[in-house]
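Heads up, the thing below is written out as structure tokens.
The values are calculated or read from the model by the stated rules, or taken from the named source; none is laboratory data. Treat the numbers as computed from the prediction; the structure is a model and nothing was measured. Here Cβ is always computed from backbone atoms with ideal geometry, including for glycine, and neighbour counts include all displayed protein chains. Accessible surface is based on the protein model in full, side chains and every heavy atom, while ligands, DNA and RNA are left aside. Shrake-Rupley method; radii C 1.70, N 1.55, O 1.52, S 1.80 Å.
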Amino acid sequence: MALRNKALPCDDLSSTPTLNAQRKVEEEILSNYQAFLQQHGSSAEAGSGDGAPIPAPTFDVSNMKAFLRNSMFRPMSSAFSSLDGSRAWITFWCTQAGALANITNFDARSIMDFLRLSQHPDGGFGGGPGLLAHLAPTYAAVATLVNLNREGVFEDDEPLRLIDRESLYRWLMSLKTPEGSFAVHHDGECDVRGSYLALSVAQMTNILTPELLEGAVDWIAQCQTYEGGLAGRPGLEAHGGYTYCGVAALACVGAIGALDIDALTYWALQRQMSLEGGFQGRTNKLVDSCYSFWCGAVLALLSGTTRSVMAAETSASLASHMDPILFDRASLLDYLFVQCYDASGGGFKDKPSSRLDAYHTCYSLSGVSVAHSVDDLPSQSGLERPLAFDPVKVPPFLQHVTGDGAGTGATPFKYPVIYRGRSRDLALLSSTNAIFNIERNQCRKGLEFFRSLGNPMM
Amino acid sequence: MRGGPVPGRAVRAPPLQRPASGLPGQLPAEIEGKLLCEIPELSDITPLPQLETETPVVKILHSDSFDDALSYFRAIVQSGEVSMRALLITSYAAIVCPSHYSVWQYRRKLLAQLKVDPHREIEFVQAILLDNWKNYQLWYHRQQLVASIGGRSDERDITDSCFEHDAKNYHAWSHRQWFLRTYPPPSWLVEERAYCDRLLSEDVRNNSAWNQRMFVLLHTPRDHPEEFGQILTAELNYTLEKLNAAPSNESGWNYLRGLYTKFPGPWDAGFFATISASCDALLLRESQSPHLNAFMFHFYRDWAARQGDVSIMAPSVTIAKLLRDEIDTIRAKYWDMMHERVVAALAAAATTA
Ligand SMILES: [Zn+2]
């Protein structure tokens, strides 16, 4: 810990705001881990790194279904008014969390109707019915529709067919800026979120063109900072959320090789906290469960490249025996299950002292999926741009991005949890595709469906 | 307490004032505390309720004032009304829901077409910003306003105020960098470095302040290598001093690595000597520091690549093992991989030699 590793020392005797906040969180985390060990009669000592076996945490999803359903279908109080422009996001958080936890029997038709009503006549989706189109709810709507498109619920891929691809494409093109970035809406701010949201939606729905991509890769590469991570814009501070956006945007067009991979890898690994086990979002900030996905997925997206660099520099045998997802999987899962999961509420919190919410439930479960995955993303040390535009076949680098290894012969990572009194493997969860953050099988189905329609813009 | 004064600038921004009552687009009638549906001048507008699906999804039960403002807002958007009373309606909507990007976008259209004085609007957005520092829409709106007056507003002041509460606020740093890049005040490089120093003297682990120091460096002209070399050397010494006082501060180590990776030049040899001497000295008292050791591992490897001399990275082999097995075990897989890569590189060099 924290359960498995020693905490890094804080040599400073001085008290600064950063250090005080960090120490407060560490104390709480440590005492929770200690209580967890005692409760399970373990002889291990939290934070000592003594190597004693760690008991399996409890992960009871019984209440999750009610939590996710209530989040979508029970009216929220006026305390949530500030989310009025982000309602499509909430459907994504809940349906993606549900898809990963195998909770899918929601009223999918009503969710689809809501998203249909939020689609803007001039292309893209607004955060709710009648709102201006914005890239964030556009991504959220497309990802939700792909997750919802299940056989037996809908016929003839109805949720996917409601997306108007031609107006979507024209709208995406209208958001492009001369520098190669994307505004998140007309007359709105430009940052690397815009790049990810625009490119991932275009790639998913098979409307990506060289014109849409022009300049985008170079601009994203400029966001990599001296620390190795990516910032929201060139010059700003490296940040887990923006780093995910930049790396996943490049991954979805086969261009991860545009970045300094060694610097990026180490920066992302540095974000994993020795005592807590979870990730922080920036250097010297506090742990937060949503970065389990933002930072964890970056390392998953780099896995194929990591392995191929190892093969090139050392030997094929060392490369084939390494775990190319370099973060400490067990420590991350310890943080999520022991510190952040609220079984009675049925969701995850950002840290133990917070309240659960749909956003952190989505990104914690997505992080669990990444920590549990074994498939490599094919190496992208070179640019594979021509492949990005295949209008008929799904580019290979979009497919097997994190999963349970089914069919690959790989051994899944073992992390037992206690569910209803019995020890089970975490395989009770489904896996996510780390590029799109959509449940893996649904994601593949979506990609194949839009390929079957062809690219109307090429 | 704040540190020393920043040369050329007031020590502290004047406290921000909430504007006196009165909203842009205000009607002659007294509207204080009234809902829009109670204002006679708006009586010919039919408010549009929120469109919902048959089974409402993620429905929010808003307050009356929220529903009132947004219903009128939807009505004017639908009719495309451009008028002072439309501006008033967006004022109401922006106050009840500052994160509503549609409201701000429509409002900017109105401001431009009605030729509203941007200074007055800056006051308005400032009043809302004071309670909503983490809001993309407000900062973007402010940026557009400042641009419309050609940058004639020192935006360092408002960001200073924000950093009083939250010295790592990402939006405020973004705004500040935009301002400095677009409308650079005279001698801002010197002032900004001093400002970062002040923030670091309060919290040496404020990574945003370190990042801003790098921003200053990246914008420092390099046409006189000697001068730039002096600035870099001063930065190097500054960083080593801060690290000596707090060797577990990751921000400082990342900055130190950035200094030599981002700015290669004639000073390279001197830098290498200074850094290795400092690290060796620090190692005497901090031999088990994961931060120091991780830095040294990368340092030897970086310089080997820079000099084209693989043998420079020889010490990295033992350091990687120490990190992997004892002092940075959460990153054991990484250190194991890097250990193998360094060993292989050294072996290949030995064979060639
Ligand atoms: Zn979070």
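Working carefully through the options A:Ser369, A:Ser381, A:Ser373, find the one that is open to solvent by 30 Å² or more (accessible area, probe 1.4 Å), away from the ligand (no atom under 16 Å from the Cβ), at pLDDT below 95 and not hydrophobic (A, V, I, L, M, F, W, C).
On the way: A:Ser369 fails: open to solvent by 30 Å² or more (accessible area, probe 1.4 Å); A:Ser373 fails: open to solvent by 30 Å² or more (accessible area, probe 1.4 Å).
So the residue among A:Ser369, A:Ser381, A:Ser373 that is open to solvent by 30 Å² or more (accessible area, probe 1.4 Å), away from the ligand (no atom under 16 Å from the Cβ), at pLDDT below 95 and not hydrophobic (A, V, I, L, M, F, W, C) is A:Ser381.
Can you confirm whether the stretch A:248-260 contains a residue that is open to solvent by 10 Å² or more (accessible area, probe 1.4 Å), on the phi < 0 side of the Ramachandran plot, away from the ligand (no atom under 16 Å from the Cβ) and not hydrophobic (A, V, I, L, M, F, W, C)? There is at least one residue in the stretch A:248-260 that is open to solvent by 10 Å² or more (accessible area, probe 1.4 Å), on the phi < 0 side of the Ramachandran plot, away from the ligand (no atom under 16 Å from the Cβ) and not hydrophobic (A, V, I, L, M, F, W, C). Residues being of a type in the set (Phe, Trp, Tyr) and in contact with a strand residue (DSSP E or B) (Cβ under 9 Å, 6 or more places away or on another chain) are represented in the stretch A:63-72 by at least one member.
Considering the stretch A:226-254 alone, what residues qualify as being part of a loop (DSSP other than H, G, I, E, B) and in contact with a His (Cβ under 9 Å, 6 or more places away or on another chain)?
At the first step, the residues of the stretch A:226-254 found to be part of a loop (DSSP other than H, G, I, E, B) are A:226-229, A:231-239, A:252-254.
Residues satisfying the conditions are A:Gly229, A:Ala231, A:Gly232, A:Gly235.
Given A:Pro121, A:Pro75, A:Pro137, which one is free of Cβ contacts under 8 Å to residues at least 60 places away in the same chain and touching a Lys or Arg at 6+ places or on another chain (Cβ under 7 Å)?
On the way: A:Pro121 fails: touching a Lys or Arg at 6+ places or on another chain (Cβ under 7 Å); A:Pro137 fails: touching a Lys or Arg at 6+ places or on another chain (Cβ under 7 Å).
Every option except A:Pro75 fails the conditions.
With respect to the conditions (1) within 13 Å of chain B (Cβ to nearest Cβ); (2) in contact with a Leu (Cβ under 8 Å, 6 or more places away or on another chain); (3) of a type in the set (Ser, Thr, Tyr), A:Tyr139 lacks only one, and its number is (1).
Screening A:Gln22 with (1) buried (at least 19 other Cβ atoms within 10 Å of the Cβ); (2) facing chain B (nearest Cβ under 10 Å); (3) within 22 Å of B:Leu51 (Cα to Cα) gives one miss only, at (3). Of the listed requirements (1) within 20 Å of B:Ala93 (Cα to Cα); (2) within 14 Å of another protein chain (Cβ to nearest Cβ); (3) part of a helix (DSSP H, G or I); (4) open to solvent by 10 Å² or more (accessible area, probe 1.4 Å), B:Trp133 misses just one: (3). Considering the stretch B:87-97, the residues that are open to solvent by less than 20 Å² (accessible area, probe 1.4 Å) and closer than 17 Å to A:Leu131 by Cα include one that is farthest from the chain's Cα centre (by Cα), namely B:Ile89.
A:Leu318 meets each of the listed conditions (1) more than 16 Å from the ligand (Cβ to nearest atom); (2) surrounded by fewer than 21 Cβ atoms within 10 Å (Cβ to Cβ); (3) under 28 Å from A:Ile418 (Cα atoms) apart from (3). Please verify whether the stretch A:166-177 includes one or more residues that are outside the structural domain of A:Met112 (by the TED database) and at positive phi. Checked the stretch A:166-177: no residue is outside the structural domain of A:Met112 (by the TED database) and at positive phi. Criterion first (within 16 Å of the ligand (Cβ to nearest atom), open to solvent by 30 Å² or more (accessible area, probe 1.4 Å) and of a type in the set (Ser, Thr, Tyr)) does A:Tyr291 satisfy it? Answer is yes for this residue. Quickly run through the stretch B:306-353 and pick out the residues that are more than 12 Å from chain A (Cβ to nearest Cβ), in a helix (DSSP H, G or I) and small (Gly, Ala, Ser). B:Ser311, B:Ser316, B:Ala320, B:Ala349, B:Ala350, listed by residue number. Taken over the stretch B:239-269, the criterion of being open to solvent by 40 Å² or more (accessible area, probe 1.4 Å) and not in a loop (DSSP other than H, G, I, E, B) is satisfied by B:Glu241, B:Lys242, B:Asn244, B:Ala245, B:Arg257, B:Thr261, B:Lys262, B:Ala269. Taken together, the residues in the stretch B:195-214 that are closer than 25 Å to B:Gly270 by Cα and surrounded by fewer than 21 Cβ atoms within 10 Å (Cβ to Cβ) amount to 1. Per this entry, B:Phe272 is counted among residues that are closer than 23 Å to B:Ala345 by Cβ, without any contact (Cβ under 8 Å) to a residue 60 or more places away in the chain and open to solvent by 10 Å² or more (accessible area, probe 1.4 Å). Just to be sure, is A:Val192 of a type in the set (A, V, I, L, M) and surrounded by fewer than 22 Cβ atoms within 10 Å (Cβ to Cβ)? For A:Val192, the condition - of a type in the set (A, V, I, L, M) and surrounded by fewer than 22 Cβ atoms within 10 Å (Cβ to Cβ) - is not met.
Taken together, the residues in the stretch A:323-353 that are within 14 Å of another protein chain (Cβ to nearest Cβ) and more than 16 Å from the ligand (Cβ to nearest atom) amount to 11.
Look at A:Ala44 and say whether it is within 23 Å of A:Gly347 (Cα to Cα), at pLDDT below 95 and among the aliphatic types (A, V, I, L, M). Even if it seems obvious, please write down each step before you answer.
On the way: within 23 Å of A:Gly347 (Cα to Cα): no; at pLDDT below 95: yes; among the aliphatic types (A, V, I, L, M): yes.
So A:Ala44 fails the test.
Screening A:Gly235, A:Gly229 for residues that are under 28 Å from B:Phe299 (Cβ atoms), without any contact (Cβ under 8 Å) to a residue 12 or more places away in the chain and within 13 Å of chain B (Cβ to nearest Cβ) leaves exactly one candidate, A:Gly235. Looking only at the stretch B:189-228, residues that are more than 7 Å from chain A (Cβ to nearest Cβ), among the small types (Gly, Ala, Ser) and within 21 Å of B:Glu250 (Cβ to Cβ) come to 2 in all. Does A:Gly304 satisfy the condition of being over 18 Å from the mean Cα position of the chain (by Cα), away from every other protein chain (no Cβ under 13 Å), open to solvent by less than 30 Å² (accessible area, probe 1.4 Å) and more than 16 Å from the ligand (Cβ to nearest atom)? Against the criterion (over 18 Å from the mean Cα position of the chain (by Cα), away from every other protein chain (no Cβ under 13 Å), open to solvent by less than 30 Å² (accessible area, probe 1.4 Å) and more than 16 Å from the ligand (Cβ to nearest atom)), A:Gly304 does not qualify.
In a residue-by-residue description of the stretch A:267-282, the property of being surrounded by fewer than 24 Cβ atoms within 10 Å (Cβ to Cβ), basic (Lys, Arg) and either away from the ligand (no atom under 16 Å from the Cβ) or facing chain B (nearest Cβ under 10 Å) (or both) applies to no position.
In the stretch A:67-95, which residue that is open to solvent by 50 Å² or more (accessible area, probe 1.4 Å), over 20 Å from A:Tyr363 (Cβ atoms) and part of a helix (DSSP H, G or I) is farthest from the other protein chains (Cβ to nearest Cβ)? Even if it seems obvious, please write down each step before you answer.
If we filter the stretch A:67-95 for residues that are open to solvent by 50 Å² or more (accessible area, probe 1.4 Å), which is where we start, we get A:69-70, A:73-75, A:77-80, A:82, A:89.
Within this subset, residues satisfying the condition of being over 20 Å from A:Tyr363 (Cβ atoms) are A:73-75, A:77-79.
In the following step, the residues that additionally are part of a helix (DSSP H, G or I) were identified as A:73, A:78-79.
On the way: A:Phe73: 7, A:Ser78: 5, A:Ala79: 9 Å.
Taking the candidates together, the pick is A:Ala79.
Out of curiosity, is B:Ala167 within 12 Å of another protein chain (Cβ to nearest Cβ) and either open to solvent by less than 20 Å² (accessible area, probe 1.4 Å) or out of contact with any Pro (no Cβ under 9 Å at 6 or more places or on another chain) (or both)?
Details: within 12 Å of another protein chain (Cβ to nearest Cβ): yes; either open to solvent by less than 20 Å² (accessible area, probe 1.4 Å) or out of contact with any Pro (no Cβ under 9 Å at 6 or more places or on another chain) (or both): no.
So B:Ala167 does not fit the description; no.
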